[in-house]
2 protein chains.
Amino acid sequence: MTEVAATGISVLLVDDHPIVRQGYRRVLESQGDLHVVAEADNAADAYGAFKVHDPDVVVMDISMPGASGLEAIRNIRARSPRARILVFTMHNEAVLVKAAFSAGASGFVTKSSEPSAVVTAIRSVARGERAMSDDIAHVLAEDSLSPTGSVLDQLGEREIEILRQFAGGATTEQIASHLNLSVKTVQNYHYLIKTKTGARTDAQLVRLAATCGLTKI
Amino acid sequence: MTEVAATGISVLLVDDHPIVRQGYRRVLESQGDLHVVAEADNAADAYGAFKVHDPDVVVMDISMPGASGLEAIRNIRARSPRARILVFTMHNEAVLVKAAFSAGASGFVTKSSEPSAVVTAIRSVARGERAMSDDIAHVLAEDSLSPTGSVLDQLGEREIEILRQFAGGATTEQIASHLNLSVKTVQNYHYLIKTKTGARTDAQLVRLAATCGLTKI
DNA sequence: CTGCTGCTCGGGCAAATTTCCCAAGCCGAT
DNA sequence: ATCGGCTTGGGAAATTTGCCCGAGCAGCAG
């Protein structure tokens with residue numbers, strides 16, 4: 001790798017909140033071996049920054065406005081299979097975790113984890129290992145044992161993404177433009193999600209998303 | 001008052017959850033001076049039970065299916081101005097508290113309060129005093145100081161009630177029949193609430209209701 | 001390889017709902 | 001007495017929903 005890698009681990013921070021990025025940057029840099037070489041606040045910029053800086057690890061929040069973070073993962077991995085991506089988000093739904101790993105993520109750490117867990121995970125991921133925080137391991141473990149998975153398990157990745165944005169308050173048009181879909185498609189997903197989950201009302205959908213941790217409120 | 005009153009305080013419990021009523025009944029009766037003489041699980045039955053048993057204090061959850069608990073309070077007070085009503089609910093929004101007191105309630109205690117707070121409040125209310133739990137006092141105090149009140153302060157009582165039921169997952173028809181309104185009126189309220197609060201989406205409305213404590217999720 | 005299945009994406013269309021404007025009764029305040 | 005605000009609903013246009021459909025594409029079993 002580059003000389004940067006020789007002297008430590010270079011990191012690309014992707015998160016839509018500047019203050020958050022600033023905070024994490026300080027935490028990571030105080031470690032000595034971690035260097036934040038770039039930041040991005042959306043999925044599109046993330047790949048551009050990745051190409052320019054070729055970081056050892058991408059630390060990415062997948063709940064950003066704009067395209068799905070999962071798509072960003074796939075984008076980066078498709079063009080740079082050696083990329084190491086650590087998902088760092090507040091969500092802890094098993095479906096989301098599984099989707100992230102199958103999209104090519106190397107690790108998954110929740111924002112409620114100790115700062116040290118993030119640092120540890122970054123080092124693990126940089127070594128090419130898989131990493132996840134304890135709570136994620138528990139969620140995954142629970143999920144693998146439960147025959148009757150979460151309601152969200154019935155939903156596809158696109159459906160999850162649309163449900164998240166919808167429950168977050170986005171309009172149909174906003175979701176359509178975020179995801180580059182036709183309004184019609186989003187409407188169809190909306191309907192599909194309702195029938196799959198059994199929600200009779202948009203409000204029930206929001207509550208469902210909230211109780212499943214898809215949305216914070 | 002009756003001989004029952006002479007030997008203690010008679011209580012009418014109004015709550016839509018049987019288990020909840022059962023639990024409170026035990027708590028209250030273990031006090032020695034409190035006697036639950038009747039229960040009701042809806043607003044309509046509440047007045048009937050009140051007439052029959054003439055309790056010293058009505059302990060009432062105002063978030064029940066059917067007519068608004070506030071209407072039940074007005075009903076009872078209109079026919080029996082000497083009635084003492086203690087509102088006992090999980091909601092702690094200033095608007096709701098104010099609405100309850102102006103509807104004729106003598107006290108307001110949240111369900112998150114210590115059991116002893118309820119007992120104390122019942123005794124206070126029975127003596128003709130006003131009573132409220134500490135958290136309610138804080139909410140009211142905060143509210144009186146804040147020039148920029150909660151978004152809910154823009155809403156009328158009916159609007160609040162409809163918003164609560166809507167955010168709770170009820171369909172327009174269900175709300176209409178609960179409140180004995182035409183579907184059309186509920187739709188108009190729905191629209192009015194959205195414009196008043198600035199919510200562009202049903203999901204935003206639910207989130208608003210949740211952050212204001214109108215709904216638990 | 002060949003089907004099968006499931007996800008994604010969207011068209012179509014009738015039925016339902018939402019949006020927005022308006023009116024009337026009621027009640028409290030000025 | 002009048003004004004404003006709450007409550008209740010009608011009406012009509014605009015949108016969305018509910019369901020049905022087909023196509024492309026990936027993965028997977030036979």
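The values are calculated or read from the model by the stated rules, or taken from the named source; none is laboratory data. Because the structure is predicted, anything quoted here is derived from the model rather than measured. FYI the Cβ positions are ideal-geometry reconstructions off the backbone, even for glycines, and counts take in every protein chain you see. Side chains are part of the model used for accessible areas, which takes the heavy atoms of the whole protein and leaves out ligands, DNA and RNA. Shrake-Rupley method; radii C 1.70, N 1.55, O 1.52, S 1.80 Å.
For residue B:84, the solvent-accessible surface with a 1.4 Å probe is about 70 Å², rounded to the nearest 10. Rounded, prolate or oblate: which one fits the range A:151-211, using the alpha carbon gyration tensor with axes a ≥ b ≥ c (rounded when a/c is under 1.5, else prolate when a/b beats b/c, else oblate)? Because a/c hits 1.5 or more and a/b exceeds b/c, the range A:151-211 counts as prolate. Heavy-atom accessible area, probed at 1.4 angstrom with all protein chains present, ranks A:56, B:134 as B:134, A:56, highest first. Cross-link partners for residue A:196 among the lysines, with Cα-Cα distance under 29 Å and sequence neighbours closer than 8 places in the same chain left out: A:98, A:184, A:216, B:184, B:194, B:216. Of the residues A:170, A:187, A:160, the one whose Cα sits farthest towards the positive end of the charge dipole of the range A:151-211 is A:187 (charges of +1 on Lys and Arg Cβ, -1 on Asp and Glu Cβ, taken about the Cα centre). The same position residue A:200 in the other copies lies at 3.0 nm from this copy, comparing label points 7 Å beyond Cα toward the beta-carbon, shortest first.
The charge dipole of the range B:152-211, taken about the Cα centre with unit charges on the Cβ atoms of Lys, Arg (+1) and Asp, Glu (-1), comes to about 180 debye, rounded to the nearest 20.
Remark: the range B:182-194, residue by residue, has Karplus-estimated 3J(HN,Hα) of 6, 4, 4, 5, 5, 4, 4, 4, 3, 5, 4, 4, 4 Hz, where x stands for each Gly or Pro and the curve is 6.51 cos²θ - 1.76 cosθ + 1.60 at θ = phi - 60°. Chains B and A together bury roughly 1300 Å² of accessible surface, counting both sides and using a 1.4 Å probe on protein heavy atoms. Between the amide H of residue B:38 and those of B:11, B:13, distances stay under 5 Å, these residues lying 5 or more places away or on another chain, with hydrogens modeled in the peptide plane. Once backbone amide H atoms are built at 1.01 Å from N, residue B:87 has B:60, B:106, B:107, B:108, B:109 as its partners under 5 Å, excluding neighbours fewer than 5 places away on the same chain. Once backbone amide H atoms are built at 1.01 Å from N, residue B:200 has no partners under 5 Å, excluding neighbours fewer than 5 places away on the same chain. Between copies, residue B:129 shows label-point distances of 6.3 nm, shortest first, with the point placed 7 angstrom from Cα along Cα to C-beta.
When residue B:78 is represented by a point 7 angstrom out along its Cα-to-C-beta vector, the spacings to that point in the other copies are 6.6 nm, nearest first.
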